[in-house]
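Comments concern the structure below.
Rule-based calculations on the coordinates, nothing more; no lab input. Only a predicted model underlies this, so the values are computations on that prediction, with no experimental measurement involved. All Cβ positions, glycine included, derive from the backbone under ideal geometry; neighbour counts span all protein chains shown.
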Amino acid sequence: MKRYLRVVGAVVWKDLSAELRSRETFSAMVVFSLLMVLVFSIALELNRGARESTAAGVLWATALFSGTLGLNRGLGREQDRGTLEGLLLAPADRSALFFGKFLSSWALILAVQVVTVPVLTVLYNFNLAEPLVILSLVLGTLGYTGVGTLLSAVSAQTRARDVLLPILLLPVSVPVLMAGVQSSSAALAGTPWNEFSIWYSLLVAYDVIFLAVAVMVFEAVVGD
């Protein structure tokens with residue numbers, strides 16, 4: 001078990017340290033997120049009441065689209081650099097590679113949200129840093145990143161991965177988007193917990209199911 005965790009930690013450390021040196025993916029995700037927020041802000045030109053009703057949707061659309069951009073660079077970067085084969089040949093369980101890639105991508109997506117949420121709060125003049133909103137973001141991006149890591153392994157082996165990953169990932173992400181927007185909107189509106197807790201249950205169920213499926217089929221995907 002300790003060896004397994006060391007392998008996971010090594011993959012996470014490798015990815016995050018490489019990103020800290022280059023900041024390529026993080027910078028691209030942040031710029032993309034801020035541009036999306038700015039476009040929504042200019043296009044909608046909403047009053048405060050309308051902003052409150054659309055803030056959760058803008059937040060989740062930004063999180064998922066910028067997350068797709070980051071996931072596209074995960075295993076795709078390994079493929080471009082010719083290091084993916086070396087990772088697969090390492091004497092370690094393939095699921096450890098999956099969890100390493102998954103955790104590093106998840107950390108990156110959450111780091112982008114740390115930048116995006118305050119900007120949205122300022123532009124919309126509405127506090128989005130509510131604990132239940134943050135909880136929904138953490139839970140939603142967890143399952144989304146899990147299935148995204150699996151699908152990025154599928155698309156990384158194709159030439160059209162920049163187009164293929166969004167086509168594969170976004171339809172599967174509909175439950176996350178729906179539950180995330182509903183739970184966040186209800187939390188921001190001050191709705192009683194018992195009236196919208198079902199959406200958090202859906203996010204947890206999504207996380208458990210899709211993470212389990214991703215772990216089980218990851219080895220077959222990268223093996224092919």
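Choose one of Ile167, Gly190, Leu35: the residue whose Cα lies farthest towards the positive end of the charge dipole of region 8-223 (beta-carbon charges +1 Lys, Arg; -1 Asp, Glu; about the Cα centre).
Of Ile167, Gly190, Leu35, it is Leu35.
In whole Hz, what ³J(HN,Hα) sequence does region 125-136 give by Karplus (6.51, -1.76, 1.60; θ = phi - 60°), x for Gly and Pro?
These are the phi-based 3J(HN,Hα) values: 6, 8, 6, 9, 7, 7, x, 6, 5, 4, 4, 5 Hz.
Ala107 to Thr191: extension gain in nm, 0.36 nm per residue of separation minus the Cα-Cα distance?
Details: separation 84, 0.36 × 84 = 30.24 nm, distance 2.95 nm.
Contour length minus Cα-Cα distance gives 27.3 nm.
In debye, nearest 20, what is the charge dipole magnitude of region 8-223 about its Cα centre with +1 on Lys and Arg Cβ and -1 on Asp and Glu Cβ, if you could check?
340 debye
Please work out which option in (1) 32, 19, 15; (2) 27, 20, 18; (3) 23, 22, 17 gives semi-axes √(5λ) of the Cα gyration tensor in Å calculated from these coordinates, and answer with its label.
(1)
GNM on the chain, C-alpha springs below 10 Å: top fluctuator among Pro175, Pro192, Pro166?
Pro192
Mean residue ellipticity at 222 nm from the helices of the chain, using -39,500 (n - 2.57) per DSSP H segment of n ≥ 4 over the full residue count, to the nearest 500 deg cm²/dmol? All intermediate terms of the calculation are to be shown ahead of the outcome.
Details: 10 runs with 195 residues, N = 224.
For the chain, the value works out to -30000 deg cm²/dmol.
Given the options Ser95, Ser105, Ser197, state which has the largest fluctuation in a GNM of the chain using a 10 Å cut-off (strictly under) for Cα springs.
Ser197
By how many degrees, between 0 and 90 and to the nearest 10, does the Cα long axis of helix 193-223 differ from the longest principal axis of the chain?
For 193-223 against the chain, the angle is about 20 degrees.
Would you mind putting 4-11, 133-140, 110-117 in packing order, based on average other-beta-carbon counts within 10 Å, highest first? Mind showing how you got there, number by number?
Values: 4-11: 16.0, 133-140: 21.2, 110-117: 18.8.
Packing proxy ranking, top to bottom: 133-140, 110-117, 4-11.
Please work out the Cα center distance from region 109-177 to region 198-222, rounded to the nearest Å.
A separation of 15 Å, based on Cα centres.
Write down the Å³ per residue value for the convex hull defined by the alpha carbon atoms of region 111-224.
106 Å³
With θ set to phi - 60° and the Karplus curve 6.51 cos²θ - 1.76 cosθ + 1.60, what are the ³J(HN,Hα) couplings of region 141-147 in order, to the nearest whole Hz, using x for Gly and Pro?
6, 4, x, 4, 5, x, 5
In degrees, nearest 10, range 0 to 90: what is the angle between the Cα axis of helix 24-44 and the longest Cα principal axis of the chain?
20 degrees
Give me the angle, in degrees from 0 to 90, between the Cα long axis of helix 174-188 and the longest principal axis of the Cα atoms of the chain, rounded to the nearest 10.
40 degrees
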